[in-house]
1. Short version: ³J(HN,Hα) in whole Hz for each residue of segment 102-111, in order, from phi by Karplus 6.51 cos²θ - 1.76 cosθ + 1.60 (θ = phi - 60°), x for Gly and Pro, what are they?
2. Length gain on complete extension for the stretch ASN353 to LYS333, per 0.36 nm per residue less the alpha carbon to alpha carbon distance?
3. Could you give the nm distance between label points at GLN383 and VAL398, where each point is 7 Å from its Cα heading toward the beta carbon?
4. For GLY219, what is the net charge nearby, where nearby means another residue's Cβ is under 10 Å from its Cβ and Lys, Arg count +1, Asp, Glu -1?
5. Summing +1 for each Lys or Arg and -1 for each Asp or Glu, what net charge is found among the other residues whose Cβ lies under 9 Å from the Cβ of LEU324?
6. Could you list, in their original order, any pairs among LYS153/LYS245; LYS193/LYS236; LYS153/LYS208; LYS59/LYS208; LYS11/LYS333 whose Cα atoms are separated by more than 21 Å?
7. Evaluate the distance, in nm, between pseudo-label points positioned 7 Å from the Cα of ARG7 and of GLU253 along their respective Cα→Cβ axes.
8. Could you tell me which trypsin sites (Lys or Arg not before Pro) in segment 32-65 are loop residues by DSSP with no more than 11 other beta carbons within 10 angstrom of their beta carbon?
Amino acid sequence: MASFPPRVNEKLIARSRTVGELLAPTSPFDKKCGRENWTVAFAPDGSYFAWSQGHRIVKLVPWSQCLNNFLLHGTKNVANSISTRLARQNSDSGQKNKPCEHIIDCGDIVWSLAFGSSVPEKQSRCVNIEWHRFKFGQDQLLLATGLNNGRIKIWDVYTGKLLLNLMDHTEVVRDLTFAPDGSLILVSASRDKTLRVWDLKDDGNMMKVLRGHQNWVYGCAFSPDSSILCSVGASKAVFLWDMDKYSMIRKLEGHHNDVVACEFSPDGALLATASYDTRVYVWDPYIGVILMEFGHLFPPPTPIFAGGANDRWVRSVSFSHDGLHIASLADDKMVRFWRIDEEYPVQVAPLNNGLCCTFSTDGSVLAAGTQDGSVYFWATPRQVSSLQHLCRMAIRRVMPTSQVKNLPIPSKVVEFLCYQI
């Protein structure tokens, strides 16, 4: 078994440049269990980076300050070297909106993180909005944390203050995602086989329970226009939901084992899913067709044995903001960077015991979390997007596949707009 097909020379694939690393503090009495960094996240405006250090702790750092530290002091940085623990009840109003480090004790193991920012003109979907405990302004930045005990805690990023405690899940909250439209609609995915929709502008009111998964739900992601939600889980499940009607659109069939991560492209025309069957699929979510397959094990396992080689499980997938690159993280101690129009990785990076990855807001850096609570950063492949690709993204942001196929244009142009060539 190999990580690349025989016709590919692994030595010729470019190595990604290391930007830096944040090492979680350790002590001789730390238990190995509970130290995992299950999730990393960048704020939508690029101001903050957050990750779960393990043992109930979430670390928030100003991203620009973090990059400057890497440049000044080298790539290594012990996470708690210049931080002071912030008590939950204390906040400094004078420091509001000024990025500063926070360490948050969430009270239980943290499995998921998500940043959310408010747009005041986006009204709550709640009928009765006469009185609310919280009035979210234009500069509001929130952090949602999903915990081992099924709770979701909402924090003010600027002060570290606990705002809401959402209690309805009965099992681990495995993933969280905010609607990108600034409405502060939050969706949570849980091992209790459900997804729950919360309206934070209505003081965290739970609006809907989405049922359909027959087993654990591992992840969820909104489309860029917030109209579609993808959820993935055990038993090969990939579901698409209409978030206006809260109904299932379709189930995507193709994976051969548990599906653990998903993410839409910036224009919403593509959907990437990662599975324990050692593959990343790129779909057209509008018609349910697989457009690309990125393999991590060669020869690929047959369906009956898919995922049997535990050292090749794909753990995470992330779409770059240029719409051209995808990153995947697998158990073969490697991070891969793919182009959506090439069959094999364009760059790779070594990583032991990786669990999660995500691109920075500007797409220049990839962050990856590991089992020991640390984070590693690499420079991503940089390429000037062609005018054709930029035009394709602009069109696909507003037109689904069915409308594109009805355009009175040459068939080759239609294929290009549908990412079929």
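1. Couplings: 9, 10, 10, 8, 8, x, 7, 4, 9, 9 Hz.
2. 6.5 nm
3. With each label placed 7 Å out from Cα toward Cβ, I get 2.7 nm.
4. Surrounding charge for GLY219 is -1.
5. After counting each charged neighbour, the total is -1.
6. Check vs 21 Å cut-off fails for LYS153/LYS245; LYS59/LYS208.
7. Placing both labels 7 Å beyond Cα along the Cβ direction yields 3.0 nm.
8. Sites meeting the loop and neighbour criteria: LYS32.
The values are calculated or read from the model by the stated rules, or taken from the named source; none is laboratory data. On a predicted model such as this, the values are computed, not experimentally measured, just so you know. Quick reminder, even Gly has a Cβ in these numbers, built from the backbone with ideal geometry, and neighbours come from all protein chains shown. Surface areas here come from the heavy atoms of the whole protein model, side chains and all, with no ligands, DNA or RNA. Shrake-Rupley method; radii C 1.70, N 1.55, O 1.52, S 1.80 Å.
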